[in-house]
Structures are given as structure tokens and as C-alpha cells.
Amino acid sequence: MQKNINQSFKQELTQLAEQIVPDIIYKCKLKGIQEVKDWESHLEHDFSKDIPVNHDSYYIDFGSRYTAKFMHIMQAMYPDYNIIDSGHYYYPKTGYMGWHTNSNKPCKRVYIVYSDGQSFFRYKQDNDIITDYDNIGITVREFDIPELPEQLWHCVGSYANRFSFGFRLE
């Protein structure tokens with residue numbers, strides 16, 4: 001799931017994230033940041049029923065304005081795709097997004113993640129649950145959301161500040 005990117009893209013992504021993260025934190029603090037007790041229990045699931053979008057989540061949507069700042073880098077990395085910003089989430093400590101499939105919008109997805117501590121993307125592969133931990137700093141994660149009946153079950157959790165800038169590639 002993690003994508004290897006060349007050093008110049010990584011430096012540019014890191015520099016941009018470090019410029020905008022303080023503003024995102026400031027605006028999110030104005031909205032109010034909470035801690036969720038037993039948040040990890042929200043990441044348990046039986047996978048028997050499709051959930052395209054899970055509303056059992058705690059994150060703050062910081063808006064597309066910040067995600068759009070990465071668009072020129074995404075266009076350089078993926079010149080053959082139409083790129084649509086699709087997610088702009090701040091997961092504070094104990095933030096999470098419950099298990100879901102995004103089956104309502106199959107496509108290739110890319111998330112640029114900036115984290116200052118332990119956070120993760122977790123997914124189901126066959127009968128295994130795989131936890132893919134984010135790097136401190138920048139992680140770029142690419143994955144395909146398949147057409148039904150195939151599904152990519154996945155969720156997100158954070159023990160730290162995690163900023164997720166998402167894109168759909170069509």
C-alpha cells in the first residue's frame with residue numbers, strides 16, 4: 001500500500017505539509033478537539049455487510065483548500081489521470097475512521113499522510129488484517145477500490161496528530 005516516491009517529491013510534500021499543518025491545527029482547535037475513550041474498540045468489525053462510508057468515526061474535516069495545495073505534485077506524479085481531491089481529514093490523538101469499503105466510488109486512491117507519531121492504515125487482505133503504520137513525516141499510500149462484488153475493507157487509527165490529504169484518480 002505504501003508507495004515509494006522519489007526524494008524530490010518527498011521533500012516537496014514534507015515542506016508543503018510542514019507549512020500548512022500549523023494552520024490546520026489552529027483552525028481545528030477553534031472547532032474543538034476531543035479525546036475518544038476506548039476508540040480502538042470502534043475498529044472491530046465482522047465484515048458481513050458492505051459499508052461504503054462509515055459514520056462511526058472521529059476526525060475533523062479541514063476542507064479541500066489545503067488538499068488542493070498538493071494538486072500540482074499529484075499531477076506530476078500521476079500525469080495520465082484525472083485527479084479529484086476526495087478527503088481532507090485531521091485525526092487527533094484517538095482519532096479514527098471505522099471500517100468501510102468506499103464501494104460506492106471504485107477507483108484508484110492516493111493519500112498523502114503527514115503524521116507526528118504513531119498512526120496507521122489497516123486493511124483486510126484475504127483472511128488477514130494488515131496494519132500499515134505511517135512514517136513520522138510523510139507517507140504516500142496508493143490503493144485500488146474495486147468494483148463490487150470485490151471489496152477493500154479498510155480503516156484508520158491514530159495515537160498522534162495525523163493529517164490525511166486524499167485523492168481519487170480516474
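The values are calculated or read from the model by the stated rules, or taken from the named source; none is laboratory data. What you see is a predicted model; the values in this text were computed from it and never measured. With ideal geometry, Cβ positions are generated from the backbone for all residues, glycine too; neighbour counts draw on all protein chains shown.
With respect to the conditions (1) more than 19 Å from Pro22 (Cβ to Cβ); (2) surrounded by fewer than 21 Cβ atoms within 10 Å (Cβ to Cβ), Asn161 lacks only one, and its number is (1). Of the candidates Ile33, Ile73, the single residue that is surrounded by 12 or more Cβ atoms within 10 Å (Cβ to Cβ) and assigned to a loop (DSSP other than H, G, I, E, B) is Ile33. Taken together, the criteria exclude Asn4 from residues that are more than 17 Å from the chain's Cα centre (by Cα) and more than 17 Å from Phe163 (Cα to Cα).
Going by the conditions given, is Asn82 modelled with pLDDT of 95 or more, more than 18 Å from Val156 (Cα to Cα) and more than 18 Å from the chain's Cα centre (by Cα)? The answer is yes for Asn82.
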